[in-house]
1. Using label points projected 7 Å from each Cα along Cα→Cβ, tell me how many nm separate residue 34 and residue 75, to one decimal.
2. For segment 99-106, just list the computed ³J(HN,Hα) in residue order, Karplus coefficients 6.51, -1.76 and 1.60, θ = phi - 60°, integers in Hz, with x standing in for Gly and Pro.
3. Do you know the Lys pair count in the chain for C-alpha distances under 27 Å, with sequence separation 8 or more or different chains?
4. If you wrap segment 102-154's Cα atoms in a convex hull and average its projection over all directions, what's the area in nm²?
5. Which value in deg cm²/dmol, rounded to the nearest 500, describes the helix-derived mean residue ellipticity at 222 nm for the chain, given -39,500 (n - 2.57) per DSSP H run of n ≥ 4 and division by the residue count?
6. Roughly what percent of Cα-Cα pairs across the chain reach past 20 Å?
7. 5 Å is the cut-off here: which amide hydrogens, built 1.01 Å from N in the peptide plane, fall below it relative to residue 140, excluding neighbours closer than 5 in sequence?
8. Hey, with R₀ at 30 Å, roughly what FRET efficiency would residue 67 and residue 118 work out to, going by the Cβ-Cβ distance, to 0.05?
Amino acid sequence: MKPKTKAPQSLEDVEGLLAQVAAADAAARRLTAQMDAELTRVRERFAPALDAERARREEAEGLIACWAELNKAAFGARRSLALTHGIIGWRLGTPACRLRARVKAEAALEQVRLRLPEYVRNIQEIDRAALIGAYTGGALTAADLEACGLRIAQTERFFVEPKTEMAAQPKTGAQVC
């Protein structure tokens, strides 16, 4: 069973509730600022040690990669080696289709069009932003859109936007709904 809530009876009641919202918002902002300040102090305290460890790791990884490049035979047919303290090796990246050297995109597209036309995309889609702009600018009517099976929809959403300064303590006289 859902607990009953009190609904405000007057605009004065709503003002009181909005004062509660503003006070809670201000308190939350103060707490967030305190938390951020503490986190910043902790990050600053640990940053030099973390930077040193990252640099140490990067240097060691670079030396390991250098050894691996010079000793590919140690890998045999495998792409990785399991060692006492971890695994080293190469990972294949995601395949990518790129232009060859000195080939322009337009020339490649034309050749694919001629030789491999099934691999050319022709994307046609509704330009919704342009339709909305034309409708709001008066170039299109609702009937024009309706003839195409379209309509412009806009939702309305209630909001509460408290003032950011500290509010006075609220007074409410609300009824149960």
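Any read-out appearing in this document is the output of simple, stated calculations on the displayed coordinates, not a laboratory observation. Values in this document were obtained by computation on a predicted structure and should not be read as measured data. Quick reminder, even Gly has a Cβ in these numbers, built from the backbone with ideal geometry, and neighbours come from all protein chains shown.
1. 5.4
2. Running phi through 6.51 cos²θ - 1.76 cosθ + 1.60 with θ = phi - 60° gives 6, 6, 4, 6, 10, 8, 4, 5 Hz.
3. Taking the chain as the scope, the lysine pair count is 5.
4. With every direction weighted equally, the projected area is 6.4 nm².
5. -17000 deg cm²/dmol
6. 81
7. For residue 140, whose amide H was placed from the backbone, the distant partners under 5 Å are 135.
8. With R0 = 30 Å, the Cβ-Cβ based efficiency is 0.05.
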